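Novice: I'd like to ask you about the structure that follows.
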């Protein structure tokens, strides 16, 4: 029997071969200089087998779009959401593919030895696909291991399991979604912004990533909080007591007050009889708990904070230590050691280390304690721990290994122990508290210097004792702005928000640094001008699930787990996520001007006459019916004003459609025709504009067509202007001409004269429709009364699952129309179920089932709400905007939802703002008729100097604070649009767009004395006895 074993890395394959063969193997070269095949014999299930152990260099395959989508332009960008995806072996992996096929042809068993995580399962699936292409009957097994040590490797060999295909499929879904989303928004940003701003013209691409932008959003959000922070003065009482040479400060139980006069009155009351009465003395044992076992996220957070290394560098070094068999697998969410885990055996291996060997021996001599159990277990790997002693490490490797080992030993130790004393005293009506600590046993703190716990002495006071304070002061201070995010802070926020996984968080942070969306100055992250501009631009659009917020990506990560758990299929997840991001893209594309205007506040626009126009040629339309090659829309070289749709197989295939002269404009629409498309061969609709005199009277240009290349053209509605349904056909030569309505399919119901009225509420848009033709067989005569009658309905396509069921006749708009609990117009429906209420009409929520509220009212009963609901049309304005058009946002930084009180009481009918989330809402609440305190989502002030009346692109002053740096010359104190050195940038890659105007305060309250009034004099006094 022959077994082919495949590891993910060359170092792992060599180590595993060394263990399984007891060093008795033969190494053969392959086509790759990095990979060797190790040949040896080993027993498997009682049979002596020939084993070949080989390796990979990570993923063998990658995914991309077909060649027809390589062209970057707006007309094809949205098509990438539905375009075919091709998966192929990377060009630099061809030799590895050949090696696998060669060895797999005669193999009986394929054993996968990749890393035991999702990515490892996916790489294993790629290996299976390649091997089964030459040997379909090969048996596939999976070796599970966390440590490259003999015991673990032998156990993995003897207990091989099946490959986890659900995890592999989840990674396929994530790769596909990242490709689609990243490509769409990267092209969207690059095509629409690069030529409009001088600072961006040297950028190759303006990259977007569904994880990177929320990560950038966290940095920008903290920066804006600090920038817009307003200090608020406070006052507090400070008390000190000294006895037997020990002086201690007592904390005021009120902490602080924001009213000076109230604090001064309390201070004067204390000054009238400044004697402290000891009301209570409590002494009790105190323990400082040992840390939990080490996870990947915790290692990155603690490492960046205490080892002063980036999270990406920490993971790189940890990966190397794992490959050398020094530590366990460094990508794990588990913070629980199994009950049967051999902890003492691992401690024994550390007794020879000179730094902590004696401490490890003490643990074995009786101080050992089982580690605390956390709440996470990924069922794949144990917590990160040392595997063996490593006495010869140096530099960064030694720092990471020391931290991992000390953390492991601390987990296996006793808690630190001490005696805590709490003293409560009162002066007049005010109470104060002091806490002392006397440490009796350091225990785990002896080996774990990253936790701090120190003795704090308090005076030896007894209950009931009266004593004169050594000092009693009225001190002033002010609230301080929050610090910028450190890497540890950012990792924690990303982990909590579900952005990335424990294994990818560090990669996202690295990418926003590489793409110059943020800079790291010291230990803090600051957004660059480009990063600020993009995030503020997207936030200003008012999208509920903003592209810079974490909700969209967190939902996507949750869906990946659903695939692994088996509750959703890959197709369901991809379809759901694509629909979410597709709606966000449509919203962003329709508000491009908002994004451009917002970025214009931070960067210098390029005049229109200097902008290079985008050439919209060679755009994919559909696959050619005869030969199945792409048919592209392009200009005829001999005549730049003439266009054609031609097969890329020319001259072999001459299929084409010549665009006639009466067509003034033709562009690809993002939608796909479901009637004409077949699997793997989509047919995209095309938007065509005609000369006015080229189409029948009453028909207005443009119209939207489908099935380009042959057959019938049917007009579909576009929701931003007046359009009509019509019919076109192609002649034998492929030219276009109009036909009459008799050519229409008999089963086509026409609802014509669609007009977009731009009436919106929350996230929904209504479309106004006139009934001009009804084609229903055996329709009752009463249906004729509906002709030429107008009604309002949701503008979303009927195939869109998020489309609501709103319906209202326009001639009934002045009649009784009611809002549901969601704050949107309800639907009027009729009971169809047989019973006492058959035929009776009622109002209910217009949203799809499961997404709306439980609103219900009978039509013939008066409304329960007393709010005026007579004029529905007036409520179609944007209900999440204030009178000045500024969006009200909740504490989640989302556009707040407006709702109405329906409960009987004094507030019945009153409207209010609240968090729009369905679950995990913040506690934001604000009445509509009260002045809003949250109107400004992005402050209308200069980014550089902080002054109102202008923006950074036109600022002539110096930066208000912080290290503003010029994009061109690299000098501080000015920005590129006002650079005194006229010339191209000489500092590319260094500090592009670093103007920020950040504060220097780092979270310290500075006491200051209050002067002026008589009471103010008391506030500046101190009593020394």
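The values are calculated or read from the model by the stated rules, or taken from the named source; none is laboratory data. This is a predicted model, so every value here is computed, not measured. As a convention, Cβ positions derive from the backbone with ideal geometry for all residues, glycine included, and neighbour counts pool all protein chains shown.
Novice: Checking the condition in a loop (DSSP other than H, G, I, E, B) and either in the same structural domain as residue 264 (by TED's automatic domain parsing) or farther than 20 Å from residue 253 by Cβ (or both), which residue from 426, 413, 440 passes? Outline the logic, then answer.
Specialist: Details: 426 fails: in a loop (DSSP other than H, G, I, E, B); 440 fails: in a loop (DSSP other than H, G, I, E, B).
Result: 413 is the single residue among 426, 413, 440 that is in a loop (DSSP other than H, G, I, E, B) and either in the same structural domain as residue 264 (by TED's automatic domain parsing) or farther than 20 Å from residue 253 by Cβ (or both).
Novice: Moving to a separate point now. Evaluate the stretch 550-571: report whether one residue or more is buried (at least 21 other Cβ atoms within 10 Å of the Cβ), under 18 Å from the mean Cα position of the chain (by Cα) and part of a loop (DSSP other than H, G, I, E, B).
Specialist: Within the stretch 550-571 (the criterion being buried (at least 21 other Cβ atoms within 10 Å of the Cβ), under 18 Å from the mean Cα position of the chain (by Cα) and part of a loop (DSSP other than H, G, I, E, B)), the answer is yes, since at least one residue qualifies.
Novice: Test each condition in (1) surrounded by fewer than 22 Cβ atoms within 10 Å (Cβ to Cβ); (2) outside the structural domain of residue 430 (by TED's automatic domain parsing); (3) under 30 Å from residue 439 (Cβ atoms) for residue 360 and report the one that comes out false.
Specialist: (1)
Novice: Of the residues 189, 201, which is buried (at least 18 other Cβ atoms within 10 Å of the Cβ), at pLDDT below 90 and outside the structural domain of residue 428 (by TED's automatic domain parsing)? Give the derivation first.
Specialist: On the way: 201 fails: buried (at least 18 other Cβ atoms within 10 Å of the Cβ).
Being buried (at least 18 other Cβ atoms within 10 Å of the Cβ), at pLDDT below 90 and outside the structural domain of residue 428 (by TED's automatic domain parsing) holds for just one of 189, 201, which is 189.
Novice: Hey, any hits in the stretch 419-440 for a residue that's under 40 Å from the mean Cα position of the chain (by Cα) and at pLDDT 90 or above? Talk me through it step by step, then tell me what you get.
Specialist: Going residue by residue through the stretch 419-440, those that are under 40 Å from the mean Cα position of the chain (by Cα) are none.
Within the stretch 419-440, not a single residue is under 40 Å from the mean Cα position of the chain (by Cα) and at pLDDT 90 or above.
Novice: Further question on the same structure: Which numbered condition trips up residue 578, out of (1) closer than 27 Å to residue 201 by Cβ; (2) in the same structural domain as residue 199 (by TED's automatic domain parsing); (3) in contact (Cβ under 8 Å) with a residue 40 or more places away in the chain?
Specialist: It fails just one condition, (1).
Novice: If you don't mind, there's one more thing I want to ask. So which of 364, 393, 321 is farther than 27 Å from residue 511 by Cα and either in contact (Cβ under 8 Å) with a residue 40 or more places away in the chain or part of a loop (DSSP other than H, G, I, E, B) (or both)? Reasoning before the result, please.
Specialist: Values: 364 fails: either in contact (Cβ under 8 Å) with a residue 40 or more places away in the chain or part of a loop (DSSP other than H, G, I, E, B) (or both); 321 fails: farther than 27 Å from residue 511 by Cα.
Answer to the check: 393.
Novice: Evaluate the stretch 229-236: report whether one residue or more is more than 24 Å from the chain's Cα centre (by Cα), surrounded by 22 or more Cβ atoms within 10 Å (Cβ to Cβ) and not in a helix (DSSP H, G or I).
Specialist: Yes, the stretch 229-236 has at least one match.
Novice: Out of everything in the stretch 127-143 that is in contact (Cβ under 8 Å) with a residue 60 or more places away in the chain and under 30 Å from residue 387 (Cα atoms), what residue ends up being surrounded by the most Cβ atoms within 10 Å (Cβ to Cβ)?
Specialist: 127
Novice: When only residues in the stretch 87-101 that are free of Cβ contacts under 8 Å to residues at least 60 places away in the same chain and surrounded by 15 or more Cβ atoms within 10 Å (Cβ to Cβ) count, which is nearest to residue 2 (Cα to Cα)?
Specialist: Filtering the stretch 87-101 for residues that are free of Cβ contacts under 8 Å to residues at least 60 places away in the same chain and surrounded by 15 or more Cβ atoms within 10 Å (Cβ to Cβ), the one nearest to residue 2 (Cα to Cα) comes out as 97.
Novice: Anything in the stretch 9-23 that is part of a loop (DSSP other than H, G, I, E, B) and either at pLDDT 90 or above or out of contact with any strand residue (DSSP E or B) (no Cβ under 7 Å at 6 or more places or on another chain) (or both)? List them, or say none. Spell out how you get there, then give the answer.
Specialist: From the stretch 9-23, those part of a loop (DSSP other than H, G, I, E, B) are 9, 21-23; that's our starting set.
Of everything in the stretch 9-23, those that are part of a loop (DSSP other than H, G, I, E, B) and either at pLDDT 90 or above or out of contact with any strand residue (DSSP E or B) (no Cβ under 7 Å at 6 or more places or on another chain) (or both) turn out to be 21, 22, 23.
Novice: Does the stretch 204-225 contain any residue that is in a loop (DSSP other than H, G, I, E, B), farther than 30 Å from residue 510 by Cα and touching a residue at least 60 places away in the same chain (Cβ under 8 Å)?
Specialist: Scanning the stretch 204-225 turns up no residue that is in a loop (DSSP other than H, G, I, E, B), farther than 30 Å from residue 510 by Cα and touching a residue at least 60 places away in the same chain (Cβ under 8 Å).
Novice: Additional query: What single numbered condition from (1) in a strand (DSSP E or B); (2) modelled with pLDDT under 95; (3) in contact with a strand residue (DSSP E or B) (Cβ under 6 Å, 6 or more places away or on another chain) fails to hold for residue 242?
Specialist: (3)
Novice: Being outside any loop (DSSP other than H, G, I, E, B) and either under 14 Å from residue 665 (Cβ atoms) or modelled with pLDDT of 75 or more (or both) is the filter here, so list the residues in the stretch 610-622 that pass it. Give the derivation first.
Specialist: Initial filter on the stretch 610-622 (outside any loop (DSSP other than H, G, I, E, B)): 610, 619-622.
619, the sole residue that qualifies.
Novice: Enumerate the helices (runs of 4 or more DSSP H) found wholly within the stretch 457-547, keeping only those where 1 or more residues are under 19 Å from the mean Cα position of the chain (by Cα) and not assigned by TED's automatic domain parsing to the domain that holds residue 215. If you could, list the steps in order and put the result at the bottom.
Specialist: Numbers: elements: 487-497, 505-514, 529-540.
Result: 487-497, 505-514.
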